[in-house]
Structure formats: C-alpha cells, structure tokens
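Report on the structure given below.
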Amino acid sequence: MLVTARVDVRAQPAASATPSLGASPETAAELKPGTIIGADNVGQYARYVPAAAKFAVAHGFKMRTIPARRVEWSQGFQHATEKYAAQVSLDSDGYLKNYVAGMPFPLIEANDPAAAAKIAYNWHMGPFMPDDFSIAPWSSNAYTSNTGDALKIVPNSDGDYACEQFDFLRFAHRTDVDPRPTIGDNAMGVEWKAKCNRWITDVSGGANEGAGIWVRYLDAKHPDEFFSFSEASRRIRRTAVNLDYPNESCRGCHQPFWAYALPKTENYLYRLLGTTTLLACLGADDEPAGFKSGPDGLTLGEEPFELRHAYILEMRPRFPESSVAGGERTVVYIDSEVYVWLAAEFYDSNGLTATAIPLWRMRPSSEGGSLFDLAGSFYRPENHGSLFRSLVPAHNEFHQVIDSNSVTEGAFNPLMMQH
C-alpha cells in the first residue's frame, strides 16, 4: 500500500491489516493482545512477523503480543522540535538544511517527492538518539542451533567479539543533556564521536585488536573519519571511512552502528515503498534480550511485541564505488512514531543476503518521556543455515548509562589511546 495522505509523525496510526513485503498470502488470524506466537502458530500471523523474527521463532523464540502503546518523546526532544522544526528544509542535493535539533520533519506529506529522504532524516535524528551513551562491555555473539534439537542454542565463540567499553557523544543536535543544542562553539563541525577503547575476542578478556574512534561531521560531504590504534605498533592511523549497513564480511557494520551511530544519511538514496503493520519489540523485558539460560543450556526466550505502523524504506548507496560493504540494497522498516528501525532486509546482486530485527528497551528520560537502548538483536546471514548473531550487552555483568553527562570530550582524544 503506497502512502497518499499527510502523516503527523506524533500520532501512532491505527493498526491496519496491510501485509509487509514478502508476507504470506494466506489469511492472517486475528491478532489479539496476550497471544503467544511460537513455532506452532507463527504461520497464522506470518504477515505481521519480520523474516528474522520468523527464524528466531523457528528456533524457540516466543513473541508475546501486548496492546500497541503511544510512546512519548523525551521532553527535551519535544521542545527542540517545537523550537527548530519550522526552519528545516532540504537543499537542491536532498541534504538537510538549517537543522539544529529535534525532529527535522514533524509533518510529512507522503506524496511529497522528498518524503523518503525526510523519513530517513527523521530516523537518523529521531527521539531515540541519546546525547551520550556508555556501555562496558558490549558484545556481538554468534550462535547456531543444536544439530539434534533446533530449540537448543549453541554459542559459537569463534565468531564472538566484544568492545571492552563503548562510548558515544553527540557534539550537535543535543536535546536532553546540557549544554544544548551544541557543545561549545563546535568549531570542527562534529556531529558525534564514538569510541571502542579495546576490541577483545571474548568478554572475559583475551586477544585484542587495539582501540578506535569514529568521527561524524555536520558537513554532508565530509566523510566519516576513523582513528585506529594498534597495540602492536603503538601507532595511530587516521582514515576516511564509510560506515555501511550490515553484511557478513564487515563485523562492525551491524554492531554497533545500527544502534546509534547510524550509516551516514547522505551516503544513500531513498525510496518510499509503502507502509505496513508489523510486530516489533520496543520494550524488552530483559537485557540482554532474547535469551534465557537453564539447566539444559541456552535457549531463546520470550519478549513483548506490539503491532506498529512502519514506513518501508529502500536505501541504496549514493556512491556505490565507495561502499566497502558491497551491498546494493537495503529495505528497512521505520516506526512512524519514534523512528527506530524495526526490521531490515539486505540484498546484493544475487538476492537476499541477511535479515535483522532489533529488540529495543525503553527507559524514562529525566525530564519525562522515553529513552531507548538496544537490548538485543537477531541478525541472520541467509546462506549460513542456523547461524545468527546478536548484538547485546555482554552476557556477564555490564554497566550501561544513557544521557548521564558522564561521557566527556576528553574521552575521544586519539592520543589517549596510547596510554
């Protein structure tokens, strides 16, 4: 269904029966709150279940349906939207113009030729973006199912890696932590910086690959920069990079960049394929989400899902010759109220290569409204059988803070990586 009406992004549209792309043509059963979707009945609700969730359900994951909720933006984000949105537009290249903070485009005319780009900017600048974020450690874990029992999950430690401590700081577009909307004069024109202080092969320590700092600039045509530190050579290397969307060869393209440090909006061309209603997890019960441990080992758990209205957005590299991932096309499902991504499908010239869903968790903002953090995810490469990945806080103890004002500019000095 193509969108033809004006959309107020503050209102969550009523759930419709519109199927998502690739949905089952079979008639869907009525989905009532309280329904538990598992391997035995997922076919009845297939039109609402993203592909990566279907894979997880087939291996024991359960989706507990709850009533759809209105999710309040944080008060700081709401105030910034009211103050600055009227001045925002797109320039002749389709790049964001006169944006300061808050939602760039709180009203979208869906028949606007620029609707897709505006939705993309709302996603990348949306109310789930923190002003600062820190977690120690943060890991990407690989799993397979037991060959004799598809419901038993086997950790694949050879495919694991972790960041000992990951920090993120917004220098511009700040809405919830002073100083707002910019840190100082921001003479270098930085949008945000992110840092992993040490990559480790497992959450308990072990071999490491040094540190790294990513820098995103406000200038749409300025590439991201990466400062890498090698513990072996004790040298810092500065390179221009393109943070691509997920793919099998680039471990960092899915983790952690699709949480907060999203791919650079201006590196892609967008097309609005339509809208749909699908089940999504915005308020996970557990963190890390999606797993449970028991006497028989590790299995997939149960999390709450609700029907959400989503834009179906296609993104293709604007400059394919500079795309390190080699991907040609991504279809991402964007919540029309809070602009978090709810599901994604990744393609190359041979077809579908991977699918993914996030498991978000909401927490209250200090000034009212909600903040989000990525409590878990399922990322499944299509040609690897039962192998999948999850981006989660480490399975052992972890420490996490959002909008705490505890992440400072000094944490991103490349010279500090040498100490």
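Can you name the residue in the range 251-267 that is at pLDDT 85 or above and part of a helix (DSSP H, G or I) and, of all such residues, is farthest from Glu109 (Cα to Cα)? Here the answer is Asn267. Out of Phe372, Phe412, Phe398, Phe378, one residue alone is over 21 Å from Asp131 (Cα atoms) and touching a residue at least 60 places away in the same chain (Cβ under 8 Å). It is Phe378.
In the range 285-302, the residues that are within 13 Å of Ala56 (Cβ to Cβ) and among the small types (Gly, Ala, Ser) reach residues that are modelled with pLDDT under 85 and assigned to a strand (DSSP E or B) with C-beta atoms within less than 9 angstrom, at least six apart or across chains, in these pairs: Ala289/Val392; Gly290/Val392. Which of the residues spanning the range 65-94 are modelled with pLDDT under 95, in contact with a helix residue (DSSP H, G or I) (Cβ under 9 Å, 6 or more places away or on another chain) and open to solvent by less than 40 Å² (accessible area, probe 1.4 Å)? Passing the criteria: Trp73, Gly94. Once the range 366-383 is narrowed to residues that are open to solvent by 10 Å² or more (accessible area, probe 1.4 Å) and among the acidic types (Asp, Glu), the residue that is nearest to Gly60 (Cα to Cα) is Glu382. Can you find a residue that is closer than 25 Å to Gly294 by Cβ, polar (S, T, N, Q) and surrounded by fewer than 22 Cβ atoms within 10 Å (Cβ to Cβ) anywhere in the range 156-166? Yes, the range 156-166 contains a residue that is closer than 25 Å to Gly294 by Cβ, polar (S, T, N, Q) and surrounded by fewer than 22 Cβ atoms within 10 Å (Cβ to Cβ). Restricted to the range 96-110, and to residues that are open to solvent by 20 Å² or more (accessible area, probe 1.4 Å) and out of contact with any Ser or Thr (no Cβ under 6 Å at 6 or more places or on another chain), which residue is farthest from Tyr217 (Cα to Cα)? Ranking the candidates gives Glu109 first.
Residues that are in contact with a helix residue (DSSP H, G or I) (Cβ under 9 Å, 6 or more places away or on another chain), open to solvent by 60 Å² or more (accessible area, probe 1.4 Å) and either more than 23 Å from Gly410 (Cα to Cα) or at pLDDT 85 or above (or both) do not occur anywhere in the range 226-235.
Consider the range 316-327 and keep the residues that are of a type outside the set (Phe, Trp, Tyr) and touching a helix residue (DSSP H, G or I) at 6+ places or on another chain (Cβ under 7 Å). The one that is modelled with the lowest pLDDT is Ala325.
Looking only at the range 345-365, filter to residues that are of a type in the set (Ser, Thr, Tyr) and assigned to a strand (DSSP E or B); which one of those is surrounded by the most Cβ atoms within 10 Å (Cβ to Cβ)? Talk me through it step by step, then tell me what you get.
At the first step, the residues of the range 345-365 found to be of a type in the set (Ser, Thr, Tyr) are 347, 349, 353, 355, 365.
Of the ones still in play, those that are also assigned to a strand (DSSP E or B) are 347, 353, 355.
Working: Tyr347: 17, Thr353: 21, Thr355: 24.
Among them, the one singled out is Thr355.
Quick one: count up the residues across the range 5-64 that are in a strand (DSSP E or B) and either open to solvent by 40 Å² or more (accessible area, probe 1.4 Å) or modelled with pLDDT under 70 (or both).
Total meeting the criteria: 6.
The residues of the range 396-417 that are at pLDDT below 85 and either among the hydrophobic types (A, V, I, L, M, F, W, C) or touching a strand residue (DSSP E or B) at 6+ places or on another chain (Cβ under 7 Å) (or both), listed by number, are Pro414, Leu415, Met416, Met417. In the set (1) within 25 Å of the chain's Cα centre (by Cα); (2) crowded, with 19+ Cβ neighbours inside 10 Å; (3) modelled with pLDDT under 85, Gly212 fails one condition alone, (3).
The values are calculated or read from the model by the stated rules, or taken from the named source; none is laboratory data. Please read all numbers here as calculations on a predicted model, not as lab measurements. Glycine gets a Cβ as well: all are built from the backbone with ideal geometry, and neighbour counts include every protein chain shown. Keep in mind that these areas ignore ligands, DNA and RNA; they rest on the heavy atoms of the full protein, side chains included. Shrake-Rupley method; radii C 1.70, N 1.55, O 1.52, S 1.80 Å.
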